[in-house]
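Worksheet for the structure shown next.
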Amino acid sequence: MLAAGNDGLNHLAYLYEDEPDYLACLSDFAQAGLRNAEPVFVAVPSHRRASLRERLGAESPLLRYGAMTETGRNPARLIPELYAFVEEHPGQRVRYVGESIWPGRSDAELCEATRHEALLNLAFATAAVSIMCPYDVRSLAAQVVGRVQRTHPAIMRAGRTQPATSYAGQGVVPAECDDPLPAPPADAQTLGYQTSLREVRDLVASHGTALGMTADRITNLMIAAGEITANTLRHTSAGGTFWIWQTGEEIICQVQDQGWITDPLAGRQRHSPEGSGHGLWVVNQVCDLVEIRTSQAAGTIIRLHMRRQGS
């Protein structure tokens, strides 16, 4: 748990329309923090990072640049990254620029990035953090931009900041991001498991080899699939079902069981290896994307994505 700080969380969506405005606004936000000796973490897509670095300068004890395109490929990795930065600066307010939603992301990635934006309000509710989240209104779909009204308490556009008209509250995710996942394709391989996980790992290894994945990525996907299926055996008594298929660019694994995940931040907070939630943390660290649908009535579906090639 993060210690409470002065004034708590400020979480702002910034809607921008051109690059000069983008660079000026984010530079002003970061420089205001640096003038107040507030540590600043800038995490934007790689094509934007170089331009901001030209304005703000090289990394220093008060300024850090993140690799959003790589780390943020799976948005569930972003809250732990910010947790670590906050904990490095106890007793200080910190500033964070986090552009987790950018043009070109898949629909699944956009949903998980929107979930991340909503969960920021829960994860840092009492922390002394000022967060600015840029959105490219020229290039993003209107429905994607529209979600900011539900995931951010305040919105900035054209130099004016106003309260969001339909902010949903701490950790409340837009309902469409919890819509049922599309069914696996008809040619997906299916495997039931109740005791042994060896067949699951062997199936993952054979698909990874067939797709031409590197050995380390195959190993990571085997670890992730093993962790999720092992959770079934640890926390349920009825076993589970495992699907695996390829799209040409990635392997997708899906696990379904009768368990129920009650913590919306599960997998985003690191626990000791002996504690619960460790498996989902590992899965988020090694997979390119993780989608979860869970309820007491329907159980849990976890879908793992691993691209053929890394960043």
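The values are calculated or read from the model by the stated rules, or taken from the named source; none is laboratory data. This structure is a prediction, so every number in the text was calculated from the model and none was measured. FYI the Cβ positions are ideal-geometry reconstructions off the backbone, even for glycines, and counts take in every protein chain you see. Accessible surface is based on the protein model in full, side chains and every heavy atom, while ligands, DNA and RNA are left aside. Shrake-Rupley method; radii C 1.70, N 1.55, O 1.52, S 1.80 Å.
The figures follow:
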| read-out | value |
| --- | --- |
| Helix axis angle, 19-35 relative to the chain longest principal axis, alpha carbon, degrees | 80 degrees |
| Cα gyration tensor category, rounded, prolate or oblate, for segment 37-81 with a/c compared to 1.5 | oblate |
| Peptides ranked, highest mean first, by Cβ atoms within 10 Å: ranges 117-124, 260-267 | 117-124, 260-267 |
| Of all DSSP beta bridges in segment 59-201, antiparallel share, percent nearest 5 | 55 percent |
| Segment 1-125 - accessible surface per residue (Å², probe 1.4 Å) | 39 Å² |
| Stretchable slack from D107 to Q258, in nm (0.36 nm times residue separation minus alpha-carbon distance) | 51.7 nm |
| Per the chain, cysteines lacking a partner by the 4.7 Å Cβ criterion | C25, C133, C253, C287 |
| Crossing angle, helix 46-56 versus the chain [Cα axis fit, 0-90 degrees, rounded to tens] | 30 degrees |
| Efficiency of FRET between Q92 and H278 - r from beta-carbon atoms, R0 41 angstrom, step 0.05 | 0.90 |
| Cα gyration tensor shape for segment 1-122, rounded if a/c is under 1.5, else prolate or oblate | oblate |
| Rounded to 5, percent antiparallel among DSSP beta bridges of the chain | 60 percent |
| Rounded to 10°, Cα long-axis angle of helix 107-123 versus longest principal axis of the chain | 60 degrees |
| Gyration tensor verdict on segment 130-179 (Cα atoms; rounded if a/c is under 1.5, prolate if a/b is larger than b/c, oblate otherwise) | oblate |
| Structure-based [θ]222 nm, the chain - -39500 (n - 2.57) summed over DSSP H runs of at least 4, per residue, nearest 500 | -11000 deg cm²/dmol |
| Accessible carbon and sulfur surface of the chain relative to its total accessible area, %, 1.4 Å | 49 percent |
| Dipole of the chain, positive direction: furthest Cα of L34, V204, G192, with charges on the beta-carbon | L34 |
